[in-house]
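Structure first, then comments.
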Amino acid sequence: MIADNYLAHTADPRVRKPEAATGSPRIEEEIIKAIQDATGNESFSLKAPRRIEGPVDSDRLHTLASLIWSRVGFQHLSAISCVDWLAEDEFELVYHFWSYRDFCLVSAKTRIPRETASMPTVSDLWQPALFFERDIHEMFGVVFEGNPDLEKYILSDWDGPPPMRKDFITREFAHDHFHFRDYEPDWDELVKGGYHSNRGEGGTDV
Amino acid sequence: MSELVTANDGSSLMPGAKSLENREYNLFIGPNHPGVEGNFALKLTLEGDTIVKAKTEAGFLHRGFEKLMEERLFIQNIAIVCRICVPDPDPNEENYARAIEALADIEVPRRAQFIRVLVLELSRLASHLFTFGGHAGTIGLYTMPNWSISDRDRILDLFEELTGGRVYHIYNMPGGVRRDFPAGFASRVRDVLDYIEGRLPDYDNLFFNNRILRKRAVGIGVLPRERAMEWGTTGPNLRAAGFAHDVRKDDSYEVYNELEFDIPTLKDSDAYSRLMIRRKEVVQTIGIIRQVLDKIPEGPVWNKQPNPLKWRVPAGDVYVRSESSKGEYAYYMVSDGGVRPYRVHVRGASVTHGVHILENLLVGTRIEDASQLMFSLDACPPEVDR
């Protein structure tokens, strides 16, 4: 009864499952082959046991991701990581896909210029991406086109630059914005005549 | 007299309050509330008692650890990472150490691998006991928190003896663990395991078979299996939906592949089965720790590394995963060959459970179940905030 009530409220025709997500487990070489066949991308290679990775052009990433979801059957988006490569003036986005069928992780790496910092969303394929992208938008300032909710979350009262960028120097910001207390005052002078003697009018609060 | 009545019915303050369009109202739960796990806020829109929209708000415990880690030496970060998840800190230490070991190609002695498994499983046990107490508290059963949290203290005593810290252990070092078992430690672990196992029938009588719990939790917050997978559920919450995925089995690390344990699953996927799956995992975890104590070999516990203040980790990147008491826990570490990590990305299990899934699952439930639902998902706000 309650379950029906819940389903009525969240009826979502998008619940779907790729056909390739079920079947006998494949070894890493077979997965690399499957990615090649499905996407035409030959740059994926074995990095470690159960870890495959490869570079992707940013304008091809969404197509590749949708094929990895549908044809290769990677049903779980484990995370999206963002790395700020300041010297190269680029952001690197790393998409970590996990296959429940093969027990294997595929990491697709793509680079975008820091200036424009824009990327199509993959939340139409994996719903957890809604929050992963929102988090990266907040911390790095990357805009994910098509993500319906890029509101501030953790830093709701922050109006500075995206703080995880490498050119945001925490130490400088603290020096510019906060007053530092003198932790080595001349105590003898301050507490002359007893600790509370200088708390009255004209005294300094220690 | 009539003026007073007009002033009190609120219509002058809220024009249209009685109209049909304005039946919805907003309610905040948290960030300081006993029914919310940690510093976290739920912004609910309600119609009567029913939640029609839910938004979460985090950031009350934001410490900027990911940024801070980029400023600290590799060795200094060991004392930071455990603080990312308060009730279950050890998966953080495990992931952090394992990421450095993978990048720098450091081997871990076999005895240290067994000790790590022991610490991880003790931490899981402590975390589950904490959750039982929290869940019971949300539906007004206040004896269970007293029992389970005082029993958890016995595990914290073990941690204190082994690592020096009760809550945060700062125990895993790249290359092994900081120190070996103190004399007689293994037998004291067995005593605590026997004690907790003996307490489970009491827990059943008091809590798990309690009629109030069944009335309140069965059928609440149902998350069907396909929906759960689509929303990125992991860990016990996914297993409660009937899908047997466990990082310890499927992406095995340390010596988990040498230990025998099953992945318990349930199929109802409501608040009650998410609680019961943790009850089953307590039994499974006790079995794993006993196997560790039986099989642990003699030998060194730390593969000695050079001066930790001058560690340079070779350039590269690695993605390590482990199974925390809340679900899949992963670290993505990038090193540029320097003395500090270039980037550490923490993917806590609650990043999905505490935000997207909780927000969607709350819709259609009633206000008194909001806290219970959050505890049944075991969402841990410090993981979301980092």
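The values are calculated or read from the model by the stated rules, or taken from the named source; none is laboratory data. In this text, all values refer to a predicted model and were calculated from it rather than measured experimentally. When we count neighbours, we look across all protein chains shown, and the Cβ atoms used for this are built from the backbone with ideal geometry, even at glycine. Ligands, DNA and RNA are stripped out before the accessible areas are found, and what is left, the full protein with its side chains, is counted by its heavy atoms. Shrake-Rupley method; radii C 1.70, N 1.55, O 1.52, S 1.80 Å.
Values computed for the structure shown
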quantity: Euclidean distance between Cα centres, the range B:187-233 to the range B:309-339, Å; calculated: 32 Å
quantity: Zone residues, the range B:367-386, relative to B:Lys43, backbone N less than 11 Å from point 7 Å out along Cα-to-Cβ; calculated: none
quantity: Accessible area in the full protein assembly, largest first, 1.4 Å probe, for B:Asp204, B:Asp90; calculated: B:Asp204, B:Asp90
quantity: Centre separation in Å (Cα based) which lies between the range B:144-161 and the range B:36-100; calculated: 23 Å
quantity: Computed accessible area, B:Tyr25, all protein chains, 1.4 angstrom probe, square angstrom; calculated: 100 Å²
quantity: Calculated diffusion of the range B:334-386, Stokes-Einstein form, Kirkwood radius summed over Cα pairs, 4 °C and 1.567 mPa s, µm²/s; calculated: 100 µm²/s
quantity: Chain B: angle of helix B:110-138 to the longest principal axis, Cα-based, in degrees nearest 10; calculated: 10 degrees
quantity: Cα-based Rg of the range B:76-310 normalised by 2.2 N^0.38 Å, two decimals; calculated: 1.05
quantity: Relative contact order (percent, whole number), the range B:76-310, Cα cutoff 8 Å, 6+ residue spacing; calculated: 26 percent
quantity: For the protein assembly as shown: rounded, prolate or oblate by the Cα gyration tensor [a/c cutoff 1.5]; calculated: rounded
quantity: Count, lysine Cα pairs under 25 Å in the range A:2-160, 8 or more residues apart or across chains; calculated: 5
quantity: For B:228-235, mean number of other protein chain Cβ atoms within 10 Å; calculated: 5
quantity: Neighbouring partner chain Cβ atoms per residue of B:336-344, average, 10 Å criterion; calculated: 2
quantity: GNM flexibility winner over chain B from B:His169, B:His345, B:His128 (Cα, springs under 10 Å); calculated: B:His345
quantity: Solvent-accessible surface ranking, highest first, for B:Arg166, A:Arg114 at 1.4 angstrom; calculated: B:Arg166, A:Arg114
quantity: List B:Glu47, B:Glu24, A:Glu133, ordered by accessible area with a 1.4 Å probe, largest first; calculated: B:Glu24, B:Glu47, A:Glu133
quantity: Rounded accessible area of A:Glu29 (nearest 10 Å², 1.4 Å probe); calculated: 100 Å²
quantity: Surface accessible to a 1.4 Å probe, B:Cys82 within the full protein complex, Å²; calculated: 0 Å²
quantity: Size of the range A:2-160 as Cα extents on the principal axes (Å, biggest first); calculated: 54, 50, 24
quantity: Between 0 and 90°, nearest 10: helix B:271-295 axis offset from chain B longest Cα axis; calculated: 10 degrees
quantity: Angle between chain B longest axis and helix B:143-163 axis [Cα atoms, degrees, rounded to 10]; calculated: 20 degrees
quantity: Between B and A, accessible area buried - total, square angstrom, nearest 100, 1.4 angstrom probe; calculated: 4600 Å²
quantity: In range of the label at A:Asp167: residues from the range A:58-88 whose backbone nitrogen is under 12 Å from the point 7 Å along Cα→Cβ; calculated: A:85-88
quantity: Residue with peak Gaussian network fluctuation, chain B [Cα springs, cutoff 10 Å], from B:Pro87, B:Pro145, B:Pro297; calculated: B:Pro297
quantity: Within 10 Å of each Cβ in A:76-86, the average number of Cβ atoms from other chains; calculated: 6
quantity: Förster-model FRET efficiency, 45 Å R0, A:Glu151 and B:Tyr195, C-beta, rounded to 0.05; calculated: 0.40
quantity: Pairwise Lys count, chain B - Cα closer than 20 Å, eight or more residues apart or different chains; calculated: 10
